[in-house]
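Enquirer: Here it is: the structure, laid out below.
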Amino acid sequence: MKVIHTDKAPAAIGPYSQAMVTGNLLFTSGQIPINPATGDITGSTIEEQTEQVMKNLGELLAAAGASYDNVVKTTCFLADINDFAAFNAVYANYFTSKPARSCVAVKTLPKNVLCEVELIAEL
């Protein structure tokens with residue numbers, strides 16, 4: 001296994017790695033809308049927060065030598081299922097290859113953000 005780390009995505013806020021590669025698969029940890037340059041949450045709307053999450057995932061993909069087109073599965077967590085359509089509008093701009101996906105609403109996300117996304121990609 002290989003640890004993937006980049007300063008262009010938020011540092012892990014716990015005892016885990018940003019991403020791991022095993023064989024030809026990349027597994028990312030869940031990304032929340034933290035701006036890696038400041039450590040602050042970006043945006044107050046679901047659209048703004050989703051954009052930052054996608055940027056963070058993009059940097060992890062790049063650090064592993066992949067892109068959004070390599071993604072085979074995402075798992076998405078929303079603080080409010082009523083944000084589903086607005087989240088999808090931003091998500092669709094990045095995942096044009098339409099990977100498999102699960103999307104669920106949860107009670108609370110870290111730092112009280114509105115969304116979190118993790119992914120699996122083929123390298």
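The values are calculated or read from the model by the stated rules, or taken from the named source; none is laboratory data. Bear in mind the structure is a predicted one, so any value in this text is a computation, not a measurement. Quick reminder, even Gly has a Cβ in these numbers, built from the backbone with ideal geometry, and neighbours come from all protein chains shown. Just so you know, the surface numbers come from the protein's heavy atoms only, side chains and all, with ligands and any DNA or RNA stripped out. Shrake-Rupley method; radii C 1.70, N 1.55, O 1.52, S 1.80 Å.
Enquirer: Label-point separation (nm) for LYS107 and ASP40, each offset 7 Å from Cα along Cα-to-Cβ?
Expert: Calculated label separation equals 3.1 nm.
Enquirer: While we're on this one: Take the solvent-accessible surface of the protein heavy atoms, probe 1.4 Å, and return the percent of it on the chain that carbon and sulfur atoms account for.
Expert: 53
Enquirer: If you line up the long axis of helix 46-63 against the longest principal axis of the chain, both from Cα atoms, how many degrees apart are they, to the nearest 10?
Expert: Helix 46-63 and the main axis of the chain meet at about 0 degrees.
Enquirer: Oh, and also: Just for the range 32-123, what percent of DSSP beta bridges are antiparallel, to the closest 5?
Expert: DSSP beta bridges in the range 32-123 are roughly 55 percent antiparallel.
Enquirer: Considering amide H positions built from the backbone, and no H for Pro or chain starts, which residues 5 or more places from CYS103, or on another chain, come under 5 Å of its amide H?
Expert: Hits under the 5 Å cutoff: CYS76.
Enquirer: Out of every Cα pair in the chain, what percent are spaced more than 22 Å from each other?
Expert: Taking all Cα-Cα pairs of the chain, the fraction more than 22 Å apart is 28 percent.
Enquirer: How far is helix 84-94 tilted, in degrees, relative to the longest principal axis of the Cα atoms in the chain, given as a value from 0 to 90 rounded to the nearest 10?
Expert: Compared with the principal axis, the helix lies near 30 degrees.
Enquirer: Let me ask something additional. Over the range 1-73, what portion of Cα pair distances is larger than 20 Å, expressed as a whole percent?
Expert: Value for the range 1-73: 27 percent of Cα pairs lie more than 20 Å apart.
Enquirer: With a Förster radius of 22 Å, plug the Cβ-Cβ distance of ASP69 and ALA12 into 1/(1 + (r/R0)^6) and report the FRET value to the nearest 0.05.
Expert: 0.30
Enquirer: So, one more: Which order do the peptides 95-106, 49-60, 17-28 take when ranked by the mean count of other beta-carbon atoms within 10 Å per residue, highest first?
Expert: The densest-packed peptide leads the list: 49-60, 17-28, 95-106.
Enquirer: Write down the accessible area per residue of the chain in Å², having rolled a 1.4 Å probe over the full set of protein chains.
Expert: So the chain comes to 51 Å² accessible per residue, rounded to a whole number.
Enquirer: Whole-Hz ³J(HN,Hα) for each residue in the range 105-115, computed from phi via Karplus 6.51 cos²θ - 1.76 cosθ + 1.60 with θ = phi - 60°, x for glycine and proline: what do you get?
Expert: 8, 10, 5, 8, 10, x, 6, 6, 6, 8, 8
Enquirer: Under 5 Å between amide hydrogens, which residues at least 5 positions from LEU25 or on another chain qualify, with H placed 1.01 Å from N in the peptide plane?
Expert: Placed amide hydrogens put LEU123 under 5 Å from LEU25.
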